[in-house]
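Engineer: Below: one structure in structure tokens.
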Amino acid sequence: MNIFIEKLRASDAEDLLNFELENRTFFEEMVPTRGDEYYNPEYFKKRHETLLEEQVKGSSYFYLIKDKDSSILGRINLVDIDESDKIGYLGYRVGQAYTGKGIANKALKILVDTITNEDVKQIKAKTTTNNLASQRILEKNGFERIGISSEAFEMNGQRLSFVYYALNISSS
């Protein structure tokens, strides 16, 4: 499947909320919940505007993963970019209907290629110990596993920890 990533825009708010609502249960199986308030349309709109402000400042980059019809398949973000150390933190999610199709892998490759043109020297990522698919995607894209949290937490009846990764970016 051909995909592309597109920077988040103000006009994406409604479609993005629908995507999040459609996939809420699925996402909450792998990542901690964002809480009920996140899905309230007014709250979501305000949060969306805040994300766009962060993007304008250059402290975060938010992208939607889309197909040729511009349908939202997922999200991929680089957030909390530290100006002095040039380190950003990766986050991504692909809708349930699109998993297992290589979309996250392709989107991450596109993001890494895009970021080499930005002033980012390292991307850090974390996933839960039970999210083996995400670990494979990170490793396929050159991320190195740098550790596992010694602190465990419970999510959906499982004791989990975070697995940490990093990728050093070389500028072209």
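Engineer: Hey, can you grab everything whose amide H is under 5 Å from the amide H of Thr128? Only 5+ residues off in sequence or another chain; H modelled, so Pro and N-termini drop out.
Structural biologist: Val163
Engineer: Given a 1.4 angstrom probe, what's the average accessible area per residue across region 1-86, in square angstrom?
Structural biologist: Accessible surface, normalised per residue, equals 58 Å².
Engineer: So, counting K/R as plus one and D/E as minus one, what does the shell of residues with Cβ under 15 Å around Tyr61 add up to?
Structural biologist: -3
Engineer: Rank Ser170, Leu64, Asn23 by how far each Cα sits towards the positive end of the charge dipole of the chain (+1 on Lys, Arg Cβ; -1 on Asp, Glu Cβ) and give me just the farthest.
Structural biologist: Comparing the listed Cα positions along the dipole, Ser170 ranks first.
Engineer: At 1.4 Å probe size, with no ligands or nucleic acids counted, give the accessible surface of Tyr165 in Å², nearest ten.
Structural biologist: The accessible area of Tyr165 comes to roughly 0 Å².
Engineer: Explain nothing, just the number: dipole magnitude of the chain about its Cα centre with +1 on each Lys and Arg Cβ and -1 on each Asp and Glu Cβ, in debye rounded to the nearest 20.
Structural biologist: My answer is approximately 580 debye.
Engineer: Please work out the C-alpha center-to-center distance from region 20-58 to region 132-172 and express it in whole Å.
Structural biologist: With region 20-58 and region 132-172 each reduced to a Cα centre, they are spaced 22 Å.
Engineer: Tell me, in nm to one decimal, what length is gained between Thr50 and Asp113 on full extension, where the rule is 0.36 nm per residue of separation less the Cα-Cα distance?
Structural biologist: Length difference between fully extended and current span is 20.1 nm.
Engineer: Considering only protein heavy atoms and a 1.4 Å probe, what is the carbon-and-sulfur percentage of the accessible area of region 1-102?
Structural biologist: Working: 2690 of 5770 Å².
Carbon plus sulfur share of accessible area: 47 percent.
Engineer: Moving on. Suppose R0 equals 41 Å; then what is the FRET efficiency for Ala152 and Glu83 from their Cβ-Cβ distance, rounded to the nearest 0.05? Don't skip to the answer; put the middle values down first.
Structural biologist: Values: r = 33 Å, r/R0 = 0.80.
For R0 = 41 Å, the calculated efficiency reads 0.80.
Engineer: To make sure I understand the rule: partners must be lysines, Cα under 25 Å from the Cα of Lys121, and not fewer than 8 residues away in the same chain. Which ones qualify?
Structural biologist: Lys7, Lys57, Lys86, Lys106, Lys109, Lys140
Engineer: Rounded to the nearest 500, what is the 222 nm mean residue ellipticity of the chain from helices alone, with -39500 (n - 2.57) per DSSP H run of 4+ residues and division by all residues?
Structural biologist: Numbers: 4 runs with 54 residues, N = 172.
Only helices count here, giving -10000 deg cm²/dmol.
The values are calculated or read from the model by the stated rules, or taken from the named source; none is laboratory data. Keep in mind that this is a model prediction, so the values were computed, not measured. Virtual Cβ from ideal backbone geometry, glycine too; neighbours counted across all protein chains shown. Accessible surface areas use protein heavy atoms only, side chains included; no ligands, DNA or RNA. Shrake-Rupley method; radii C 1.70, N 1.55, O 1.52, S 1.80 Å.
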